[in-house]
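**Student:** The structure follows.
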Amino acid sequence: MAKRNTNWDENKLKRWIKEGRGQGEGKEYKPWLTIQDYPSMGRATRIFGWTTQRIHHFFSDSQLKYFYLLDWEEKVVDIREHYPLLDLETVLEDTADLKLDKFIDKKTKEPYILTTTFLITLLNPDGQKNFAARSIKYASELSKKTTIEKLEIERRYWTAKGINWGIVTNKDINDVRAKNIEWIHSAMTSDDCNGLSKDDFDELLDALLYRLIDNQQNIREIISRFEKDYSLDAGAGLLLFKHLIAGKRIALDMDKPINLNESGYSLRLPETSGKGGHEVVKIYS
C-alpha cells in the first residue's frame, strides 16, 4: 500500500476548500479533517450521527465519547467536528505573541489550518440558537508546551468571536453515561425494523413498553418471554428495548450501567418524549 501523503501545501489547502471542508451546517457540513487524512491517537472512528444525520470522524476515544454525550443532548441541534479556524488572522488583529510560526509544514512552510474539535449549536427555550466550542484533549497532553500554545490560539479566536470555548479532557467525560449511549446508539440511528413493517414494529414497541413498566421480573426475563409470546427471533426484543430507550419512551439513570438483571420497577416513563429529556452533558464550564 502506498504511503499516504501528509505534506501540507497551498494546493492541498485550495483543494480542501473547494471540496467544501469546514463548510455547511447539519447534514451538509464536511469536517476539515477525516480519518483518511492523518493517523489517530487511539481508535479512529466513523459514526453516523443522530442529531446531524451524517457521518462523523473522530481520532480518539475521548472525542467519540464526548460526541455520544452531545448526540444524546436535547438542546444540541448541530455538531460540527474538526472545525477549521480559516479566518484566524482576520479575527485576531494581534498575533505577534502567539507563535503561529510553530504551526507550519516544515517542508513547504505553508501554515496549517488549526481546528477546534467541536463547534456545537444549541437551541435555547426561546428558539434562539447559541454556540459553544470545545477542544477535546487527553489530560496528559496539557503538560505539553505546543498543546498549550495551540489552545491559547483557540481560546483567543473564540473569545474574539464571542463564543464560549472550553477544554474537555478524558477525566471530564462521564464514561458510564457515554458507554450507555454507545450501547443504544445504533438503535438511535437505525431505520431497521427487523424485517417488520413500521406499523408492526411500532405496535411491538407499545406492547413491550406495557410489559416492562411496573413488572417485578427482571428486564432480561421480560424481554425473553416477550420474544417467545410474539414468536420473534432471538435478539429482536433487545433491539426493541434499545429503541424504547433511544426514543426516550422509557427513562433510565444513564449515570449507572444499564443492567438487564434489574426488575421492570427500575424503569419509568419520562416526563417528556422524543429526543427531549434532561441535560446529560454540561456544555458550558
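**Student:** Inside segment 191-246, can you point out the residues that are β-branched (Val, Ile, Thr) and open to solvent by 20 Å² or more (accessible area, probe 1.4 Å)?
**Tutor:** Once the filter is applied, which keeps residues that are β-branched (Val, Ile, Thr) and open to solvent by 20 Å² or more (accessible area, probe 1.4 Å), segment 191-246 yields only Ile213.
**Student:** Which condition from (1) under 29 Å from Glu25 (Cβ atoms); (2) open to solvent by 60 Å² or more (accessible area, probe 1.4 Å); (3) over 16 Å from the mean Cα position of the chain (by Cα) is the one that Ile167 breaks?
**Tutor:** (3)
**Student:** Here is a follow-up. Pick from segment 1-33 the residues that are modelled with pLDDT under 95 and in contact with a Lys or Arg (Cβ under 9 Å, 6 or more places away or on another chain): which of them is most open to solvent (accessible area, probe 1.4 Å)?
**Tutor:** Asn5
**Student:** Among residues belonging to segment 140-156 that are of a type outside the set (D, E, K, R) and under 23 Å from the mean Cα position of the chain (by Cα), point out the one that is most open to solvent (accessible area, probe 1.4 Å).
**Tutor:** Restricting to residues being of a type outside the set (D, E, K, R) and under 23 Å from the mean Cα position of the chain (by Cα), the top hit is Ser140.
**Student:** When you look at Asp255, is it open to solvent by 40 Å² or more (accessible area, probe 1.4 Å) and assigned to a helix (DSSP H, G or I), yes or no?
**Tutor:** Taking the combined requirement at face value, the residue does not satisfy it.
**Student:** Suppose we filter Phe48, Phe59, Phe103, Phe131 for residues that are under 18 Å from Tyr29 (Cβ atoms), in contact with a Lys or Arg (Cβ under 8 Å, 6 or more places away or on another chain), open to solvent by 10 Å² or more (accessible area, probe 1.4 Å) and among the aromatic types (Phe, Trp, Tyr); which single one remains?
**Tutor:** Going through Phe48, Phe59, Phe103, Phe131 in turn, the sole match is Phe48.
**Student:** Consider Ala160 carefully, then state whether it is surrounded by fewer than 18 Cβ atoms within 10 Å (Cβ to Cβ), of a type outside the set (Lys, Arg) and modelled with pLDDT of 95 or more.
**Tutor:** It is true that Ala160 is surrounded by fewer than 18 Cβ atoms within 10 Å (Cβ to Cβ), of a type outside the set (Lys, Arg) and modelled with pLDDT of 95 or more.
The values are calculated or read from the model by the stated rules, or taken from the named source; none is laboratory data. Fair warning: this is a prediction, and the values are worked out from it, not measured in the lab. Positions of Cβ are backbone-derived with ideal geometry, glycine not excepted, and every protein chain shown enters the neighbour counts. To get the accessible areas, we keep the full protein, side chains included, count just its heavy atoms, and leave off ligands, DNA and RNA. Shrake-Rupley method; radii C 1.70, N 1.55, O 1.52, S 1.80 Å.
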